[in-house]
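Engineer: First, the structure itself, so that you have it in front of you.
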Amino acid sequence: MAKARAHEPVLLDPKGPVITAIAFTVGAVLFLGAGGAFGYVIVRTVADLDETGKGWVWAGAGLALVAAFIACVGLSTIVSAREERRATLQLAALGVEATALVLAVASAPPANDDYHQVRLRMRISGPGFEPFECGNEVPAYRFGSATPGTVLPARVNPVTRAFTIERPAAPPAPADA
């Protein structure tokens, strides 16, 4: 009998309602604007097919393809923002408190972002799910002080294994003598 495979662990970057609304708006503008441009270019190219040369037909087809691509980018922006928000709400509702033990820290290859990243190998454990290990690239400005053995607070959805981690607690301030 085949055993059901557990979901792969996913480090979730929680998305709030404002970020989701902005992503929806940008996606809708791209989708509707490029979709309208696509329709206009197709209708205009077909209507002027006999009056213009072959060059304009190819130009119209090229513009239509570019507009269709931009519309697809807008639609995927809407869909991914919706899924990220759904996962964030599901983690907030069904998630359990857990701990993430840092097993290894390494520098991550350069990213296209404006900040450096570190790669953390962690063991996530808590009540209601089997402990699991995973490796993720995280911003160095948040987790650069983590060392092997550091315990980070985490929240895990036991069903989907989506989780979040929080930055390590700041060391206590030195006491004045």
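The values are calculated or read from the model by the stated rules, or taken from the named source; none is laboratory data. Everything quoted here is computed from the prediction, not taken from an experiment. We place every Cβ from the backbone using ideal geometry, glycine too, and count neighbours over all the protein chains shown. Areas reflect the complete protein model, heavy atoms only, side chains present, ligands, DNA and RNA absent. Shrake-Rupley method; radii C 1.70, N 1.55, O 1.52, S 1.80 Å.
Engineer: Treating the beta-carbon of each Lys and Arg as +1 and of each Asp and Glu as -1, no other charges, what is the dipole magnitude of the chain about its Cα centre, to the nearest 20 debye?
Structural biologist: The calculation lands at about 440 debye.
Engineer: Now for a separate question. Kindly sort C72, C134 by accessible area of their heavy atoms, largest first, with the probe set to 1.4 Å.
Structural biologist: From most exposed to least exposed: C72, C134.
Engineer: Is it possible to state the helix-based mean residue ellipticity at 222 nm for the chain, with each DSSP H run of 4+ residues giving -39500 (n - 2.57), the sum divided by total residues, to the nearest 500 deg cm²/dmol? What is it?
Structural biologist: For the chain, the value works out to -15000 deg cm²/dmol.
Engineer: Which label marks the calculated value of Kirkwood radius over Cα pairs in Å, given the options [x] 20.1; [y] 18.1; [z] 18.8?
Structural biologist: [x]
Engineer: May I ask for the distance between the Cα centers of the range 115-146 and the range 32-69, given as a whole number of Å?
Structural biologist: The range 115-146 and the range 32-69 have Cα centres spaced 49 Å from each other.
Engineer: Leaving out ligands and nucleic acids, and using a 1.4 Å probe, what accessible area per residue does the chain come to in Å²?
Structural biologist: 67
Engineer: Still on this model: Can you give me the % of accessible surface on the chain that is carbon or sulfur? Probe 1.4 Å, all protein chains present, nothing else counted.
Structural biologist: Ligands and nucleic acids excluded, carbon and sulfur reach 65 percent.
Engineer: If you build a Gaussian network model of the chain, linking Cα atoms that sit under 10 Å apart, which residue out of L32, L152, L120 swings the most?
Structural biologist: Highest fluctuation of the listed residues: L32.
Engineer: OK, next. Using a Förster radius of 41 Å, what is the FRET efficiency between A47 and V10 based on their Cβ-Cβ separation? Nearest 0.05, please.
Structural biologist: Result of the calculation: an efficiency of 0.25.
Engineer: If you don't mind, another one. Let me see the P(r) profile for the range 75-156: every Cα-Cα distance counted, bins of 10 Å, each bin given as a percent of all pairs.
Structural biologist: 17, 35, 38, 10, 0
Engineer: Now, a different point. Pick out, in residue order, every one of the GluC sites (Glu not before Pro) in the range 1-103 that is DSSP loop and has at most 13 other C-beta atoms within 10 Å; say none if there are none.
Structural biologist: For GluC sites (Glu not before Pro) across the range 1-103 that sit outside H, G, I, E and B with at most 13 neighbouring Cβ atoms in 10 Å, the list reads E51.
Engineer: So, one more: Given the Cα-Cα distance of S125 and A59 and 0.36 nm per residue of separation, how much length would full extension add, in nm?
Structural biologist: Gain on stretching S125 to A59: 18.0 nm.
Engineer: Please arrange D13, D48 by accessible surface area, largest first, computed with a 1.4 Å probe and ligands excluded.
Structural biologist: Per-residue accessible area, sorted high to low, gives D13, D48.
Engineer: Placing +1 on the Cβ of each Lys and Arg and -1 on the Cβ of each Asp and Glu in the range 18-177, which of G62, A81, T164 has its Cα farthest towards the positive end of the resulting dipole?
Structural biologist: Farthest towards the positive pole: T164.
Engineer: Given a 10 angstrom Cα cut-off, can you work out which residue in V159, V79, V18 is the most mobile in a GNM of the chain?
Structural biologist: V18
Engineer: Then there is this: Full-extension gain between E137 and S76, please, as 0.36 nm times their residue separation minus the C-alpha to C-alpha distance.
Structural biologist: 19.6 nm
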